[in-house]
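Since the structure comes first, as structure tokens, the remarks are kept for the end.
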Amino acid sequence: QVQFVESGGGLVQPGESLRLSCTGSGSIRSTYSMVWYRQAPGKQREKVASINYVGDVAYYEPFVRGRFTISRDNAKDTLYLQMNSLIPDGTTVYYCNEDSPVSWGQGTQVTVSS
């Protein structure tokens with residue numbers, strides 16, 4: 001069973017940046033497409049960004065396009081999400097996973113508030 005571990009979340013003010021990381025005990029380097037998801041309280045989990053194996057093709061949902069950057073380092077078995085110009089939308093939990101997730105990690109919580 002794949003187990004991803006997310007980290008890097010925290011409390012920031014609007015306009016600030018955070019960099020999230022995800023490790024996978026060997027699973028990231030063996031997964032073609034990796035995805036960052038997010039879930040706000042009372043809402044469904046949704047995709048944020050995805051990246052192919054080589055790391056040269058990425059897709060972003062419109063609500064983060066131009067502000068977030070997804071990247072991966074297969075040698076380090078790590079996935080990243082650089083989040084800039086964060087919007088004050090309260091608390092959201094970010095998860096990393098493959099394109100068709102079976103199970104979920106704990107996620108990392110991001111709170112953007114003044």
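The values are calculated or read from the model by the stated rules, or taken from the named source; none is laboratory data. What you are looking at is a predicted structure, and each value in this text was computed from that prediction instead of being measured. Cβ placement follows ideal geometry from the backbone for every residue including glycine, while neighbour counts extend to all protein chains displayed. Quick note on the areas: whole protein, heavy atoms, side chains included, nothing else; ligands and nucleic acids left out. Shrake-Rupley method; radii C 1.70, N 1.55, O 1.52, S 1.80 Å.
For the chain, give the percent of accessible area contributed by carbon and sulfur heavy atoms, probe 1.4 Å, rounded to a whole number.
Numbers: 2850 of 6030 Å².
Accessible surface attributable to carbon and sulfur in the chain totals 47 percent.
Percentage of Cα-Cα pair distances in the chain greater than 23 Å, rounded to whole percent?
Details: 1353 of 6441 pairs.
Roughly 21 percent, once rounded to a whole number.
Just to verify a number: FRET efficiency for residue 47 and residue 114, C-beta to C-beta distance, R0 = 41 Å, to 0.05?
In this case the efficiency is close to 0.90.
With θ set to phi - 60° and the Karplus curve 6.51 cos²θ - 1.76 cosθ + 1.60, what are the ³J(HN,Hα) couplings of the range 45-53 in order, to the nearest whole Hz, using x for Gly and Pro?
Along the range 45-53, the couplings run 5, 9, 6, 10, 7, 9, 8, 7, 5 Hz.
Using the alpha-carbon centroid of each, what span in Å lies between the range 5-47 and the range 76-114?
After rounding, the separation between the Cα centres reads 3 Å.
Taking the Cα centre as origin and putting +1 on Lys and Arg beta-carbons and -1 on Asp and Glu beta-carbons, what dipole magnitude results for the chain, to the nearest 20 debye? Don't jump to the answer; show the numbers that get you there.
Working: 10 positive and 10 negative charges, 16 e Å.
Dipole of the chain, to the nearest 20 debye: 80 debye.
Per residue of the range 59-70, in order, report the coupling 6.51 cos²θ - 1.76 cosθ + 1.60 (Karplus, θ = phi - 60°) as ³J(HN,Hα) in whole Hz, putting x for Gly and Pro.
10, 10, 5, x, 6, 10, 4, x, 10, 10, 9, 9
Please report, in whole Å³, the volume per residue of the convex hull around the C-alpha atoms of the range 1-67. Write down the numbers at each step before the final one.
Working: hull volume 8.2 nm³, N = 67.
In the range 1-67, the Cα hull volume divided by residue count equals 123 Å³.
Using the heavy atoms of the protein chains alone and a 1.4 angstrom probe, what is the accessible area of the chain per residue in square angstrom? The partial results should precede the final answer.
Working: 6030 Å² over 114 residues.
Accessible area per residue: 53 Å².
Quick one: Karplus J couplings for the range 20-35, per residue in order, coefficients 6.51, -1.76, 1.60, θ = phi - 60°, nearest Hz, x for Gly and Pro?
Per residue, the Karplus-derived 3J(HN,Hα) values read 8, 10, 9, 10, x, 6, x, 7, 5, 5, 9, 10, 5, 10, 10, 9 Hz.
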